[in-house]
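Novice: Here's a structure for you.
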Amino acid sequence: MKQKETARVLSQREIAADIYDMRIETSMAAEAKPGQFLGIYPKDKSMLLPRPISICETGPEENGACSETDGAGRKRCGGNNVLRIVYRVAGEGTREFSGYREGDSLGLLGPLGNGFPLEAGRGKRVFLIGGGIGIPPLLELAKRLETAAACKQAVLGYRNDDLFLKEEFERYASVYVAAEDGSAGVKGNVMDAIGHYKLEADVIFACGPMPMLRAVKKYARERRIPAYISLEEHMACGVGACLGCVVKTKDKDPHSYVNNARICTDGPVFPAESVEI
Amino acid sequence: MNTEVTIAGVTLKNPVMTASGTFGSGMEYSEFVDLNQLGAVVTKGVANVPWPGNPTPRVAEVYGGMLNAIGLQNPGIDVFLERDIPFLKQYDTKIIVNICGKTVEDYIEVVERLGEESAVAMLEINVSCPNVKEGAIAFGQNADALFSITREIKRHAKQPVIMKLSPNVTDITEMAKAAEGAGADALSLINTITGMKIDIHRRKFAIANKTGGMSGPAIKPVAVRMVYQVAQAVKIPIIGMGGIACGEDAVEFMLAGASAVSVGAMNFVNPYATLEVAEGIRRYMEQYHVENVTDLIGAVS
């Protein structure tokens, strides 16, 4: 169930230029699914709206940077009550979040949205295609997909050789890297990496910038395989009431029947063929 | 302590309602809010046929507020009657349906369809949306046009009619008087204030529609002023709104002359805002030994 909650920061560190990794202690962690997101409220009252931030991991195994320990001497940055977000500083709101330290409170709304359909990847060869700050929400998905590790192929596109989260993906998937500036992996984008390594899959899960998602949709259509893509848009309420964050859909949407689905509640994950992007 | 207020013969258990367009038809927020605790739910605007709304981006944040240009996306009256009204009927709250249209005939069609629906307590007529090109605000920025559409709607309406006024006019009291003169049963104000935001890095408008309606705490002083001015100019009840976030804000609108209040953009900031506003009003009444909430209406001096 969606709720608004005051949660607590367990740790935070900058893992690449302007990209932050925050662990949060929250009751939402138990039910949150890969592909869902949180609305995080800035404390500065001049900024009203919750910032939609994707969930990177629930119950992270890695301990992170916090110092707190439980009775048994284990660090408290992992576990069932912990959510992890990895986000880019994109404006004043996320700038504020990046200054939070261990023990600080933060206002959360969530878990929001539908998440990736895990069953679509069961026993299949999958691509997890992430571009830039679209990479983090695929990590929990890589963990939870019920298919052989050898069938999980993470194709990650970066700007440069600042390869955040790459090593963590390697625990669950084969990782193929593309970097725009050619400083790591294949020079170019994720589609270049797929071509270069001659990769193949039965189903795609993707999150990233719109040009990448369009290329993914085209690729999936040509090969007649399903693709599930996670979209973003400026949001206000985050719960489906304001109709601010819509995407054009091929068929009538389930709310207004006008081919404009709400990304926050009908998505953010959509079958690629169902949306006009 | 008595928190009941009566508007055009309709008694609300408390003066707190939802501002149209910020609460859907209550379904989305019913996960957070017990709708039975609200004086009324005012629905998102509904037209005679489905409206697709505007291109995205439709929303942007501004200092202490937000801009929106949703463009009144709605499924039309058929779906609304089949889905939204039965949902709201489950709750012990008053249903106020907000109606939008491009022509007088569009409005009348919806008014007549709703006339058959006894669960609908009142109609709120949106003649003030700044984000659609035809209809809507064209009726709300000209006193003669507002007079004629109000009179026409009153002729067909079975329920009391609330005219929702735009702040984007030279003198809002002229509009209020025109609506009252044509037989409106109540007024609600203010709708959003037309604004603009430009992304200087991309040199693009922040909203696809270029302009958007501003709402949120930053507009509250403008709204309080307009409620006060209108209260001095007309005798029909006023539903006040514009940036209400807490009980104190609601009391301020009531002291300025509002008989009831609506919570709008602050639902997005705090999904529990409506309940907290209602509770805040009760706390104020306790603190100042106010027996009837109606004693607050227009009590500023």
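The values are calculated or read from the model by the stated rules, or taken from the named source; none is laboratory data. Quantities reported herein were computed from a predicted structural model and do not represent experimental measurements. No Cβ is skipped: glycine too gets one built from the backbone with ideal geometry, and neighbour counts run over all protein chains shown. Quick note on the areas: whole protein, heavy atoms, side chains included, nothing else; ligands and nucleic acids left out. Shrake-Rupley method; radii C 1.70, N 1.55, O 1.52, S 1.80 Å.
Novice: Using alpha carbon centroids, what distance separates the range B:234-293 and the range A:224-244, in Å?
Specialist: About 33 Å separates the Cα centre of the range B:234-293 from the one of the range A:224-244.
Novice: Does any residue of the range B:244-274 lose at least 10 Å² of accessible area with all protein chains in place compared with its chain alone, and if so which ones (probe 1.4 Å)?
Specialist: Buried by the other chains: B:Phe268, B:Val269, B:Asn270, B:Pro271, B:Tyr272.
Novice: Could I ask something else about it? Once the Cα gyration tensor of the range B:1-120 is found, what semi-axes does its equivalent ellipsoid get, as square roots of 5 times the eigenvalues, in whole Å, sorted largest first? Could the numbers behind the result be given before it?
Specialist: Working: eigenvalues 115, 84, 36 Å².
Values for the range B:1-120, descending: 24, 20, 13 Å.
Novice: Give the average, rounded to an integer, of partner chain Cβ atoms located within 10 angstrom of each Cβ in B:64-75. Could the numbers behind the result be given before it?
Specialist: On the way: counts 4, 3, 7, 1, 5, 1, 6, 2, 1, 10, 5, 7.
Mean inter-chain Cβ contacts per residue within 10 Å come to 4.
Novice: Compute the longest continuous run of chain B that contains no exposed trypsin sites (Lys or Arg not before Pro); treat a site as exposed when its DSSP state is not H, G, I, E or B and it has at most 14 other Cβ atoms within 10 Å.
Specialist: Of all site-free stretches, the longest is B:1-132.
Novice: Would you calculate the volume per residue, in Å³, of the smallest convex hull containing every Cα atom of chain A? Let's see the in-between values first.
Specialist: Values: hull volume 34.4 nm³, N = 277.
Residue-normalised Cα hull volume stands at 124 Å³.
Novice: Also: Scan around A:Arg51 for amide H atoms under 5 Å from its own, H built in the peptide plane at 1.01 Å from N, and keep only partners 5 or more places away or cross-chain.
Specialist: A:Ile40, A:Tyr41
Novice: Right, next: In whole Hz, what ³J(HN,Hα) sequence does the range B:230-236 give by Karplus (6.51, -1.76, 1.60; θ = phi - 60°), x for Gly and Pro?
Specialist: Values, residue by residue: 5, 4, 6, 9, 10, 9, 6 Hz.
Novice: Can you list the residues, at least 5 places off or on another chain, whose amide H is less than 5 Å from the amide H of A:Tyr228, using H built in the peptide plane?
Specialist: So A:Tyr228 has HN proximity to A:Ile204, A:Phe205, A:Ala206, A:Ala272.
Novice: Also: Explain nothing, just compute: Karplus ³J(HN,Hα) = 6.51 cos²θ - 1.76 cosθ + 1.60, θ = phi - 60°, for every residue of the range A:171-177 in order, whole Hz, x for Gly and Pro.
Specialist: 5, 10, 8, 7, 10, 10, 10
Novice: A further question on this structure: What's the FRET efficiency of A:Glu200 with A:Glu119 using the Cβ-Cβ distance as r and R₀ = 22 Å, to the nearest 0.05?
Specialist: 0.60
Novice: Say a site is exposed when it is one of the trypsin sites (Lys or Arg not before Pro), sits in a DSSP loop, and has at most 15 other Cβ atoms within 10 Å; what is then the longest site-free stretch of chain A? Can you show the working numbers first?
Specialist: Values: sites that count: A:Lys43, A:Lys45, A:Arg74, A:Arg101, A:Arg122, A:Arg159, A:Arg171, A:Lys198, A:Arg224, A:Lys250, A:Lys252.
Segment A:1-42 is the longest.
Novice: Of all accessible surface on the range B:256-301 at a 1.4 Å probe, what whole percent is carbon and sulfur?
Specialist: 47 percent
Novice: How many percent of all Cα-Cα pairs in the protein assembly as shown sit more than 31 Å apart?
Specialist: Above the 31 Å cut-off, the protein assembly as shown has 51 percent of its Cα pairs.
Novice: Considering amide H positions built from the backbone, and no H for Pro or chain starts, which residues 5 or more places from A:Asn260, or on another chain, come under 5 Å of its amide H?
Specialist: A:Thr249, A:Asp253
Novice: Could you name the lysines whose alpha carbon sits less than 17 Å from that of B:Lys154, not counting residues in the same chain fewer than 8 places away?
Specialist: The reachable lysines, counting only those whose Cα sits under 17 Å from B:Lys154, are B:Lys164, B:Lys177.
Novice: Another question, if that's okay. Rolling a 1.4 Å sphere over the protein heavy atoms, what is the accessible area per residue of the range B:10-154, to the nearest Å²?
Specialist: The answer is 32 Å² per residue.
Novice: Could you estimate the translational diffusion coefficient of the range A:180-221 from the Stokes-Einstein equation, with Rh from the Kirkwood formula over C-alpha pairs, at 37 °C and 0.692 mPa s, in whole µm²/s?
Specialist: Diffusion coefficient, whole number: 295 µm²/s.
Novice: For chains A and B, what's the summed buried accessible area, probe 1.4 Å, to the nearest 100 square angstrom?
Specialist: 2700 Å²
Novice: Are there any GluC sites (Glu not before Pro) in the range A:98-164 that are in a DSSP loop and have at most 10 other Cβ atoms within 10 Å? List them by number.
Specialist: Of the GluC sites (Glu not before Pro), the ones in loops of the range A:98-164 whose Cβ has at most 10 other Cβ atoms within 10 Å are A:Glu146.
Novice: Read phi for every residue in the range B:208-223 and hand back ³J(HN,Hα) as whole Hz from Karplus 6.51 cos²θ - 1.76 cosθ + 1.60, θ = phi - 60°, with x for Gly and Pro.
Specialist: Computed from phi, the couplings for the range B:208-223 are 4, 6, 6, 9, x, x, 8, 9, x, x, 5, 9, 4, x, 5, 5 Hz.
Novice: If you take all C-alpha pairs in the range B:166-229, what percent of them are over 16 Å apart?
Specialist: Result: 55 percent of Cα pairs exceed 16 Å.
Novice: OK, next. Find the relative contact order for the range B:162-301 and round it to a whole percent, using C-alpha pairs within less than 8 Å whose residues are 6+ positions apart.
Specialist: Relative contact order here is 21 percent.
Novice: Quantify how strongly other chains surround peptide B:26-36 by giving the mean number of their Cβ atoms within 10 Å of each of its Cβ atoms.
Specialist: Mean partner-chain Cβ count within 10 Å for B:26-36: 3.
Novice: Would you mind listing how long chain B runs along its three principal axes, going by Cα atoms, in whole Å with the largest first?
Specialist: In descending order, the Cα extents are 52, 48, 40 Å.
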